Amino acid sequence: MPHGFINDMLDVKLLILYITDKLLYPVDTQTLYELCLQDDKLSYFDVMQAVPQMVETGHLEEKPEGYVITQKGRETAAITKDSLAFPVQQRAARAVERFNREVRRESFVRTEVLEQPNGEALAVMHLDDDLGNLITIEYACPSPRQAAFLTKVFPARADRLYQTITEILLAKDEAAEEN
């Protein structure tokens, strides 16, 4: 018998409310299940059964980009949040924090490949923050394949690349200071 705190469909729904109340972005059912997977007794089918019921009762809303909590859901979550076992709350809150951070970070990175008439390509990579664009790099590549590779690896390295460029630009240049 699996150990855990989720005992029935009401517990599943309380967990979903708890999670969606903390989400900053809409989620699909698979992501919602992964965020809910904080208890050994929870199954994929529990979440798949609960979500449509919660849409029907007005606690969740299905939008083209995914599920979001409604005002009714927020009110219910506020009233019932203490009904969820504390260890499940802690694990779910950490999972949602990670998810929100990742999605937010992904929204700050944009890339595109612009093929040139001569067969070469331009990898265009943008790093933004809350206020706007931090840096845009246009990298000339001998082929669209290389440009695609650069745009694929850029999101994971964008922060480090920006920091390195900034450090190089702000470093004291002894030769320049002598002139």
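We did not get these values from a lab; they are worked out from the coordinates using the rules stated. Nothing here was measured: the structure is a model prediction, and the numbers come from that model. Quick reminder, even Gly has a Cβ in these numbers, built from the backbone with ideal geometry, and neighbours come from all protein chains shown.
With a Förster radius of 30 Å applied to the C-beta separation of residue 107 and residue 164, the computed FRET efficiency comes to 0.85.
Each Lys and Arg adds +1 at its Cβ and each Asp and Glu adds -1 at its Cβ; summed about the Cα centre, the chain shows a dipole of about 520 debye.
What whole number of Å gives the distance from the Cα centroid of region 127-142 to the Cα centroid of region 45-67? Comparing the Cα centres of region 45-67 and region 127-142, I get a distance of 37 Å.
Sequence-ordered 3J(HN,Hα) estimates for region 73-87 from the Karplus curve with 6.51, -1.76 and 1.60 and θ = phi - 60° stand at x, 4, 4, 5, 4, 5, 6, 9, 4, 6, 7, 8, 4, 4, x Hz, glycine and proline given as x.
For the peptides 40-47, 105-112, the ranking by mean Cβ contacts within 10 Å, running from highest to lowest, is 40-47, 105-112. Grab the beta carbon distance between residue 140 and residue 91, set R0 = 35 Å, and tell me the FRET efficiency rounded to 0.05. Approximately 0.15, to the nearest 0.05.
Rounded to the nearest 500, the 222 nm mean residue ellipticity of the chain from helices alone is -18000 deg cm²/dmol, with -39,500 (n - 2.57) taken per DSSP H run of at least 4 residues. Among 23-34, 128-139, sorting by the average number of other beta carbon atoms lying within 10 angstrom of each residue, highest first, gives 23-34, 128-139. If you take all other residues with their beta carbon under 14 Å from the beta carbon of residue 62, and give Lys and Arg +1 and Asp and Glu -1, the sum is -3. Residues whose amide H lies under 5 Å from that of residue 134, counting only those 5 or more places away or on a different chain, are 127, 128, 129; hydrogens are built 1.01 Å from N in the peptide plane. Legend: distances between Cα atoms for 22/63; 63/152; 13/41; pairs beyond 25 Å are 63/152.
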